[in-house]
Each structure stands twice: as C-alpha cells, then as structure tokens.
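Novice: Below is the structure I would like to discuss, written out as structure tokens.
The values are calculated or read from the model by the stated rules, or taken from the named source; none is laboratory data. From a predicted model like this one, the values you see are computed outputs, not experimental measurements. As a convention, Cβ positions derive from the backbone with ideal geometry for all residues, glycine included, and neighbour counts pool all protein chains shown. Ligands, DNA and RNA are excluded from the accessible area calculation, which covers all protein heavy atoms including side chains. Shrake-Rupley method; radii C 1.70, N 1.55, O 1.52, S 1.80 Å.
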Amino acid sequence: MLSEEKNRTLTQVGPGTPMGDYLRRYWQPIAGESEFDDKPIKTLTLMGEDLVLYKDLNGDFGLVDRRCPHRNADMSYGYVEQTGLRCSYHGWQFDQGGGCLHQPYEDTCDPTGRMRNKTKIKAYPVVAKAGLLWAYLGPAPAPQLPDWELFNYKNGFAQVVCAEIPCNWFQCQENSIDPVHFEWTHNNWTLRQQSDEVDYVPTHLQLAFEEFEHGFVYRRLREGEACDDVMWNVGRVTLWPNGFYLGHHFEWRVPIDDHRTLSILWVFSRVPSEQEPYVQAKIPTWYGPIKDPVTGRWITSHVANQDFVVWVGQGTVTDRTREHLGQSDRGIVMMRRRFFEELDALREDPGHIPKGLILDPAHNQNVFLPSACRDELIQGLPREQLAAHPLLGPYLKDFFGQAGQPPEVRVAYEQAVGQKMNGAQFFTVHGSGREGR
C-alpha cells in the first residue's frame, strides 16, 4: 500500500515532475524506423510533451516541439528539407538540434540573421538502432544508447510491435517483476478460454528476486521443476527503468502521458539452422489492435493482449492506497523502493548518476543481460530441436506475442523460418506443461 502522494510520485511523468525528469535521463524507444519508409513525419506525445518526429531528405531523424516558435503553427504539417523541417506557415526551417536555418522574409529584411540566430525550437536527439528510433529528452550530455547483446545476434527475424494502452506506465512496468501472474494471466486463462474442464497448470512454489546493474532478476520454481530449471537458475530481467527482457525479446512501457502508455515489443526469432545463413533486409514495425472491432471487448488471445487487459483493468492510474500486497509482490516492493531511493538521490544531488546508465563507450558493446535461451539464440538449433524448445519452439508455430500481425509480416517470417504458421486461435506457451503438444 502506498500513500496518494507516493503514488503520484511514481506515476506523474510530465516535465518538472520527479519521475518525469528521472525517466528523461534514459534513451526511450519511440517508434519503428520502418514507419518512415512511406512517410516523413509523425506526431507523438512523450511524457506529456507534444512533439513531431521526422526524417529529412538526407535520411536524418529529428524530434521537435509540435508548435513553431514563430506563431505556434503545427509543425506536423511542415515539410522536410534536405536538412531539417520547415514550417508550412511562414517557412521557418529548423535543424535536428533546434537551430533555425532559414526565416525567409526576416532574412530578406536583415541579411545578418540576428533574429534567426536567436531563434530555436525545442528539439531532442534521435538515434536509429535495431529497427527502432530512440529519443533522449534529458540534460546533456546524453548517456550511451545501450548496445544490448540481443540486438547483434545473427540469423534471426526481428519485428517491432506496438500498441497504445490507456493506462499509466507504472502499472505496466510492475507487471515485469510479477512472475506469478504468468501462471494465471497467460497459462491458466488461455486454457480456460478454450474449456472449463481443464486442469490448472503447475503452480509456483518458490520465488527469488535480486538486483543487478541494469535492473532486477526474478527467478521462479514451479511444481515438477528442479533447481536446474532455467527459470530458477537464470530467470528473467526487469530492465531498468521501464523495460522487460525475456531472453528472446524486449518489452518497453514508454509513458505517453500520465494516462497512456506506448507498449513496444522487440522480438527476435532465431531461424532453424537449416535456413542459415539468413540476413534480414529490414525490421518491420506494426501496431496491433487492443479491442475486437466486432464485440468491443478486449482481445485476450495473445500474451501481450492479456497483459493489456489486466493493466487497464486496474484503473487508468491504479489506486495503490487500496492494495493488499502479499508474498508474491516482494519484487514489486523492491522495485518501488529502488525508484524512491533514486528519486531522492537525484533531488539531493543533481549530479547523481541514475541506475544502469552507460557513460563509457568502451563499456557499451554487446552489453550482456541474463538470458534463459542465450546459447540457443547464438549457436542456433536444427528445426526439430528448435520446435521442441520450451521457450523458442512456440514461435515456429505461430506469433503469439501480440494480436494483429499483418499478413505481409507473417509471410516474411514464414519465408525466414522455412515453414507456414498454424494460424491457431489460442496458444500454448512456456509454463503450461503442454509446450511439446
């Protein structure tokens, strides 16, 4: 249980709020690079700021305030130039750093450009990496954009999967350190949607949580599992400050504002060794639906969609003064406490280096994170062994991560792995005890 004040501290992300200023010190994924294959401009809101993301004619990306500093015109209706973005109202042109390059009439009146040199638009750096576009909204100098090891694996098919979720980011992130929910939200719920006459999956017997440089590791042991099970001796990573790493994919919960969250999945699927060498030409990006357009009900067939339902079901900003936390919530308590410690440290010392930031480029190469399937993803497996793998095998049958995968992405994936997908309505995933069926 938290006080209303502490709940606001964790959930408010606008400029000038403790959590908003803290999250701005980390690079955030904000879009897929492939979104700009057929359009140069996209509007978006990040942590309460209305912005415009664009790709200029040089192929460089920029992120600027949605309002032109001249007369507040909407920059999303501007047009890209060889360098930067030009406002369509009076032609003021700005570069990626926010500097004004051209004020057509003002420059005619004053060729020295005194006004132009004093004019800036709010701008943030953008970097393309692993098919994602990343933005840094914090104070200079920016830290390193993490070069996570998974981004550099070979012979795999990656995809970026997005959705806008109508709830606060923090209840989404708490899901990342809640192992018991997998048993009920994913395993049992999936089974019960198919039949009322099914046995529940093996229950959790033991949990462990430990902190490390880049977040927390949670470990779990279920009925019928031995201590050498990878979910116990390796576990999964709650990635600081707003991510989740499951060994073969990342998830980020990026605050749009206090009431909406951008969910981003980056999923890597190793092709069977019979398909090697495989080089992916382009990482696709797609946005999945969260509600059934016919019934209006939330989609509950896929793993991420099941999470969306329980996140939103807690309320737009969940009331943590009403909670009754139990033993399964030890990780959540640890994570909240760490956030409060970090916020206190930053308030007391503006020079405090937040947890997990990478400042030295020499330390930012193939950054390791614990993974329960690392060896298999690096070395590869023949088709039969890959299909039988409890974590990776289900992806050879269907993409069960999130509903709405476009046909063209499915076809590209089928070509990569060398087989058709089953097109099932429901999926068997790790922990059900039925993975091989």
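Novice: Considering only the range 257-285, state which residues are open to solvent by less than 10 Å² (accessible area, probe 1.4 Å), farther than 30 Å from Leu357 by Cβ and in contact with a Pro (Cβ under 7 Å, 6 or more places away or on another chain).
Specialist: Correct list: Pro272 only.
Novice: Quick one: which strands (runs of 3 or more DSSP E) sit completely within the range 243-303 and have at least 1 residues that are touching a Lys or Arg at 6+ places or on another chain (Cβ under 8 Å)?
Specialist: In the range 243-303, the matching strands (runs of 3 or more DSSP E) lie at 243-245, 260-270.
Novice: Looking at (1) open to solvent by 60 Å² or more (accessible area, probe 1.4 Å); (2) closer than 26 Å to Asp258 by Cβ; (3) assigned to a helix (DSSP H, G or I); (4) not aliphatic (A, V, I, L, M), find the lone condition where Ser76 falls short.
Specialist: Of the numbered conditions (1) open to solvent by 60 Å² or more (accessible area, probe 1.4 Å); (2) closer than 26 Å to Asp258 by Cβ; (3) assigned to a helix (DSSP H, G or I); (4) not aliphatic (A, V, I, L, M), the odd one out for Ser76 is (1).
Novice: Scan the range 387-407 and tell me whether some residue there is within 23 Å of Cys227 (Cα to Cα) and surrounded by fewer than 13 Cβ atoms within 10 Å (Cβ to Cβ).
Specialist: No, the range 387-407 contains no residue that is within 23 Å of Cys227 (Cα to Cα) and surrounded by fewer than 13 Cβ atoms within 10 Å (Cβ to Cβ).
Novice: Which residues, taken from the range 304-327, are under 23 Å from Glu164 (Cα atoms) and in a loop (DSSP other than H, G, I, E, B)?
Specialist: Answer for the range 304-327, where residues must be under 23 Å from Glu164 (Cα atoms) and in a loop (DSSP other than H, G, I, E, B): Gln314, Gly315, Thr316, Val317, Thr318, Asp319.
Novice: Next question, about the same structure. Test of understanding: among Val310, Val333, Val254, which residue is under 19 Å from the mean Cα position of the chain (by Cα), closer than 30 Å to Arg8 by Cβ, modelled with pLDDT of 95 or more and open to solvent by 40 Å² or more (accessible area, probe 1.4 Å)?
Specialist: Going through Val310, Val333, Val254 in turn, just one is under 19 Å from the mean Cα position of the chain (by Cα), closer than 30 Å to Arg8 by Cβ, modelled with pLDDT of 95 or more and open to solvent by 40 Å² or more (accessible area, probe 1.4 Å): Val310.
Novice: Taking strands (runs of 3 or more DSSP E) that do not extend beyond the range 1-72, which have at least 1 residues that are at pLDDT 95 or above and under 17 Å from the mean Cα position of the chain (by Cα)?
Specialist: Hits in the range 1-72: 28-32, 41-46.
Novice: Filter the range 313-330 for residues that are at negative phi and small (Gly, Ala, Ser); which is farthest from the chain's Cα centre (by Cα)? I'd like the intermediate steps shown before the answer.
Specialist: Filtering the range 313-330 for residues at negative phi gives 313-314, 316-330.
Pick out the ones that are also small (Gly, Ala, Ser) and you get 313, 326, 328.
On the way: Gly313: 20, Gly326: 28, Ser328: 24 Å.
So, considering only residues that are at negative phi and small (Gly, Ala, Ser), the one farthest from the chain's Cα centre (by Cα) is Gly326.
Novice: Here are Phe157, Phe209: which of them is crowded, with 16+ Cβ neighbours inside 10 Å, within 23 Å of Gly235 (Cβ to Cβ) and among the hydrophobic types (A, V, I, L, M, F, W, C)?
Specialist: That would be Phe209, the only listed residue that is crowded, with 16+ Cβ neighbours inside 10 Å, within 23 Å of Gly235 (Cβ to Cβ) and among the hydrophobic types (A, V, I, L, M, F, W, C).
Novice: On the given criteria, is Gly331 under 30 Å from Phe400 (Cα atoms) and in contact with a strand residue (DSSP E or B) (Cβ under 6 Å, 6 or more places away or on another chain)? Steps first, answer last, please.
Specialist: On the way: under 30 Å from Phe400 (Cα atoms): yes; in contact with a strand residue (DSSP E or B) (Cβ under 6 Å, 6 or more places away or on another chain): yes.
It is true that Gly331 is under 30 Å from Phe400 (Cα atoms) and in contact with a strand residue (DSSP E or B) (Cβ under 6 Å, 6 or more places away or on another chain).
Novice: Assess whether Asp292 counts as being touching a residue at least 60 places away in the same chain (Cβ under 8 Å), touching a strand residue (DSSP E or B) at 6+ places or on another chain (Cβ under 9 Å) and farther than 20 Å from Leu150 by Cα.
Specialist: no
Novice: Let me ask something additional. Of the residues that make up the range 49-61, is at least one acidic (Asp, Glu), open to solvent by less than 20 Å² (accessible area, probe 1.4 Å) and in contact (Cβ under 8 Å) with a residue 12 or more places away in the chain?
Specialist: yes
Novice: I'm checking my understanding of the structure. Among residues of the range 212-237 that are in a loop (DSSP other than H, G, I, E, B) and among the small types (Gly, Ala, Ser), which one is surrounded by the fewest Cβ atoms within 10 Å (Cβ to Cβ)?
Specialist: Going through the range 212-237, the residues in a loop (DSSP other than H, G, I, E, B) turn out to be 213-214, 223-229, 234-235.
This time we only want the ones that are among the small types (Gly, Ala, Ser), so: 224, 226, 235.
Values: Gly224: 10, Ala226: 8, Gly235: 23.
The selected residue is Ala226.
Novice: Okay, next question. What are the residues in the range 179-199 that are buried (at least 19 other Cβ atoms within 10 Å of the Cβ) and in a loop (DSSP other than H, G, I, E, B), if any?
Specialist: Pro179
Novice: Which one is farthest from Pro146 (Cα to Cα) among residues in the range 328-357 that are outside any helix (DSSP H, G or I) and of a type in the set (Gly, Ala, Ser)?
Specialist: Start the filter on the range 328-357 by keeping residues that are outside any helix (DSSP H, G or I), which leaves 349-357.
Checking the rest, the ones that are also of a type in the set (Gly, Ala, Ser) come to 351, 356.
Numbers: Gly351: 21, Gly356: 10 Å.
This residue is Gly351.
Novice: Now for a different question. Could you list all residues from the range 152-192 that are farther than 26 Å from Arg330 by Cβ, within 13 Å of the chain's Cα centre (by Cα) and among the small types (Gly, Ala, Ser)?
Specialist: Ala163
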